[in-house]
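**Student:** Shown below is the structure under consideration.
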Amino acid sequence: MNKLKQSTSTSLKKILSPQIRQAINILQMNAIDLHREIDNIILENPFLEKEEAYEIDYNIIKSNHAGETDINDILNYHLDSDNLREHLMKQLQASKFSDSEKIIAIIIIDCVNDNGYLTEDLREVFIQANRLTEVTFQDIFYVLHTLQRFDPIGTCAIDLCDSLSIQLDALHNQSKYYDDAKKIICLLSKMDINENFKFNDLFSKLNDDNVYRMQAVDLIKSLNPKPGLKIIKKLDFYQIHPDVIVFKRKDKWIIESTKNSPKLILNKDYISLMKDSKIKTDKEYLEKNHNLANFIINSIKNRNLTILNVCKEIFKKQFKFLDTGDIGLVPLTLKEIANNLDIHESTVSRATNEKYVQTPRGVFELKYFFSSELATDTGKMISSKVIIKMIDELIKKEDKKRPLSDNEIAKYFSSQGITVARRTVTKYRERLIIENSTNRKIKC
């Protein structure tokens, strides 16, 4: 018969308080998520409010002159809220259309959906235009064909094949596969194509007796079936709000925090109410929220300070990047930064994930500056990003009739005293979205 036994043991466990968890959560949030979180906290805590003078209404524009950067240029903030129609309207304003032609253009643009296609029949456009000014169908077609060459090319198209044909004429009319591609588009126009089409499925449905070269098919696949979405993707870029900026002043690189974190203050009325309150339950509620509000304010300050310190430490190592670009990057790890700042590696990870720095060379996620290392014959280590950059430069300069194979690129690095395996070259080449040497070769 089994006997029950009792035993005792001791162990240490680290239990994070709700406040510490919230501080960690604030640190790992990007600027946009932090604003959303703060808005929610303000709704729950009457002591917190945003400073009225504070607004997040900017985005940092990339400077064209890395060596002549001025802080006033870098802090020229704006938030671009264009959609496709506004993007086309800006081009229309700069066009040489007459007043009546601009009326037609506005009506057409108003009928374009986010994919870039017309949602109204041209007869309806004609009727609407004639209510405002006297026009002919010839005027309609002239304006339409001009709009279809606006950026992005292929918008204001009637359907998929119309858009593909416009892009082909504008971008590849000198290609030796142009005629074949035109024939294929003509065949596609006779097929029933739904919105969820796939190029591969469409080409597989073409009749077997239609002979065409695969290069012509690849040419069509390079076209954009929904050109309007290019503008939507560009808009995503403007949702990045850098946490740190790097600029040059009197030949010295300066690193500072941006003003994109919520500026929170305590509500004076509630502070006064807390001091005057005599009811115990009310006083406890007010004191609890007052302490929490102070904690949130300090957590945001600590977040910004941690990100700034991490960024400064990064550029102590990666200062050459600011002058020379990717080729100046050196191997760097999270652990190295953590040791230098005497903080935990996970803190560095949270402080760099989805946090961005504005440099004269563009906006980069802080994690971009961390990379693995490869050995050289001299005993020095070289960043993997430098290797990727070198592969890209080698392929750009290669003889297109005799492109370099991955093995030849690996041998080149070996001749430079850098140990890079062929499979590593292949991995980095594919990361650059560059085809292998066979597909890169230009046939005479």
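Just so it is clear, none of the values below were taken in a lab; they were calculated from the coordinates. Everything numeric here is computed off the predicted structure, so don't read it as measured data. Virtual Cβ from ideal backbone geometry, glycine too; neighbours counted across all protein chains shown.
**Student:** Checking the cross-link filter: which lysines have an alpha carbon closer than 21 Å to that of Lys230, excluding same-chain neighbours under 8 positions apart?
**Tutor:** Within the straight-line cut-off, Lys230 pairs with Lys62, Lys90, Lys198, Lys221.
**Student:** Need one number: nm distance between label points at Lys288 and Lys335, each 7 Å from Cα along Cα→Cβ, rounded to one decimal.
**Tutor:** Label-label distance for Lys288 and Lys335, simple model: 4.4 nm.
**Student:** On to the next question. Just list whichever of Lys96/Lys190; Lys50/Lys335; Lys183/Lys427; Lys176/Lys226 have alpha carbons separated by over 28 Å in the model shown.
**Tutor:** Over 28 Å Cα-Cα: Lys96/Lys190; Lys50/Lys335; Lys183/Lys427.
**Student:** Continuing with the same structure: Work out, step by step, the length gained on full extension between Lys312 and Arg361: first 0.36 nm times the residue separation, then minus their alpha carbon distance; give nm to one decimal.
**Tutor:** 16.0 nm
**Student:** So if we plug the beta-carbon distance of Asp323 and Asn40 into 1/(1 + (r/R0)^6) with R0 = 41 Å, what FRET efficiency do we get, rounded to 0.05?
**Tutor:** 0.45
**Student:** Restricting attention to segment 91-185, which GluC sites (Glu not before Pro) occupy a DSSP loop and are surrounded by at most 11 other Cβ atoms within 10 Å?
**Tutor:** Listed in order of number, the matching sites are Glu134.
**Student:** Given a Förster radius of 35 Å and the C-beta distance between Ile127 and Lys176 as r, what FRET efficiency does 1/(1 + (r/R0)^6) yield to the nearest 0.05?
**Tutor:** For Ile127 and Lys176, the calculated efficiency is 0.20.
**Student:** Still on this structure: Suppose the chain between Glu393 and Ile265 were pulled fully straight at 0.36 nm per residue; how much longer would it get relative to their current alpha carbon spacing?
**Tutor:** That works out to 40.9 nm of additional length.
**Student:** Of Lys389/Lys441; Lys268/Lys312; Lys317/Lys411, which pairs sit farther than 31 Å apart, going by alpha carbon to alpha carbon?
**Tutor:** From Lys389/Lys441; Lys268/Lys312; Lys317/Lys411, over 31 Å: Lys268/Lys312.
**Student:** Return the whole-Å distance between the Cα centroid of segment 142-176 and the Cα centroid of segment 396-444.
**Tutor:** About 35 Å separates the Cα centre of segment 142-176 from the one of segment 396-444.
**Student:** Trypsin sites (Lys or Arg not before Pro), restricted to segment 264-315: which are DSSP loop and have at most 11 other Cβ atoms within 10 Å?
**Tutor:** Lys278
**Student:** List every residue whose amide H lies under 5 Å from the amide H of Gly116, counting only residues 5 or more places away in sequence or on a different chain, with H placed 1.01 Å from N in the peptide plane.
**Tutor:** Long-range HN contacts for Gly116: Gly228.
**Student:** Short version: ³J(HN,Hα) in whole Hz for each residue of segment 259-273, in order, from phi by Karplus 6.51 cos²θ - 1.76 cosθ + 1.60 (θ = phi - 60°), x for Gly and Pro, what are they?
**Tutor:** Working through the residues one at a time gives 9, 9, 8, x, 8, 9, 9, 8, 6, 5, 5, 6, 5, 5, 5 Hz.
**Student:** Turning to a different aspect of this structure: Can you sort Phe315, Phe369 from fewest to most other Cβ atoms within 10 Å of each residue's own Cβ?
**Tutor:** Least crowded to most crowded, the residues run Phe315, Phe369.
**Student:** Label-point separation (nm) for Thr281 and Ala94, each offset 7 Å from Cα along Cα-to-Cβ?
**Tutor:** 6.5 nm
**Student:** Full-extension gain between Lys441 and Ile158, please, as 0.36 nm times their residue separation minus the C-alpha to C-alpha distance.
**Tutor:** 98.2 nm
**Student:** Quick one: what are the phi-derived ³J(HN,Hα) couplings along segment 41-49, Karplus 6.51/-1.76/1.60 with θ = phi - 60°, whole Hz, x for glycine and proline?
**Tutor:** Taking θ as phi minus 60°, the curve returns 5, 4, 5, 8, 10, x, 6, 8, 8 Hz for segment 41-49.
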